[in-house]
């Protein structure tokens, strides 16, 4: 008996062609979209590159006073009634945020994928602002400059910072903050050589209401930041009890 050979229909070659086409696509996938943290993306960001020096608060005059809660008002009055003879800066301790951004020393911006780094000449401080989409940790370590994340709103870099040690001042004259302090900075160019930073601070424990202060920075394209070693040729000294003093005759 003669065996029948099945007929190959026209659909089979078409199906085989589809399979081979899909295999080719799998081996040569379409290029993925440009990662938002790639080096090429940085070329489209505003030009913050260079060294900047703080000028003055915009609008002239003194900024509005800080409104403290009763607890922190009492702490401030106690400080002013009996101010300490030494302070952390006498021992070369940096002021932390927000005071470090207002020091009369240059700062420099460095852009890399997923991060903006601010190098501050004063006390050789460095701030890391993560722009890779991460969130703040649930329980951040309390540090001088806090934990900072950022994102761009048009040409404005918005920096959100939390996790500050309460050992640093909020302002002069014994004005303190708590570990709940929260800072939002909005950084934008006013022109090619002028940077504006509007800083809003809220603290549910220390502040009766949030406040905002705005400062401008001038760009110096031919400057570089210098090495700042506080201990070098430091006239301050510390006695056997750890109390700092100053020797003007040295």
(request) Assign one of three labels to the range 169-234, namely rounded, prolate or oblate, based on the Cα gyration tensor with a ≥ b ≥ c the square roots of its eigenvalues; rounded applies when a/c is under 1.5, prolate when it is not and a/b is larger than b/c, and oblate otherwise. (result) oblate
(request) Work out how much length residue 186 to residue 202 would gain on full extension: take 0.36 nm times their residue separation and subtract the Cα-Cα distance, in nm to one decimal. (result) 4.3 nm
(message) Could you compute how fast the range 99-170 diffuses translationally, taking Rh as the Kirkwood radius over C-alpha pairs and applying Stokes-Einstein at 10 °C with viscosity 1.306 mPa s? Give it in µm² per second.
(response) 121
(message) Would the range 119-217 count as rounded, prolate or oblate if I go by the C-alpha gyration tensor, calling it rounded below 1.5 in a/c and otherwise prolate when a/b exceeds b/c, oblate otherwise?
(response) prolate
(request) Figure the gain on full extension for residue 64 and residue 221 (residue separation times 0.36 nm, minus the Cα-Cα span) and round it to one decimal in nm. (result) 53.3 nm
(message) Quick check: the distance between the Cα centres of the range 140-176 and the range 90-124, to the nearest angstrom?
(response) 12
(request) Could you work out the mean projected area of the convex hull around the alpha carbons of the range 41-246, in square nanometres to one decimal? (result) 13.4
(message) Rounded, prolate or oblate for the range 61-109? Axes are the square roots of the Cα gyration tensor eigenvalues, ordered a ≥ b ≥ c, and the cut-off for rounded is a/c under 1.5.
(response) oblate
(request) Could you work out how far apart the two model spin labels at residue 233 and residue 53 are, taking each label as a point 7 Å from the Cα in the direction of the beta carbon, and quote it in nm? (result) 1.8
(request) With a cut-off of 14 Å, note down the residues of the range 188-217 whose backbone N falls inside the zone around a label point 7 Å from the Cα of residue 73 toward its beta carbon. (result) 206-209
(message) Per q in 0.31 Å⁻¹, report the Debye log10 I(q)/I(0) for the range 129-182, using one uniform scatterer on each alpha carbon and no solvent.
(response) -1.17
(request) Just rank 177, 182, fewest to most, by other beta-carbon atoms within 10 angstrom. (result) 182, 177
(message) What does the extension gain come out to for residue 87 and residue 43, with contour length at 0.36 nm per residue minus their alpha carbon separation?
(response) 11.5 nm
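Each reported figure results from applying straightforward, stated rules to the coordinates on display, with no laboratory input. Here the structure is a predicted model, which is why all the values come from computation and not from measurement. All Cβ positions, even for glycine, are placed from backbone atoms using ideal geometry, and neighbour counts span all protein chains on display.
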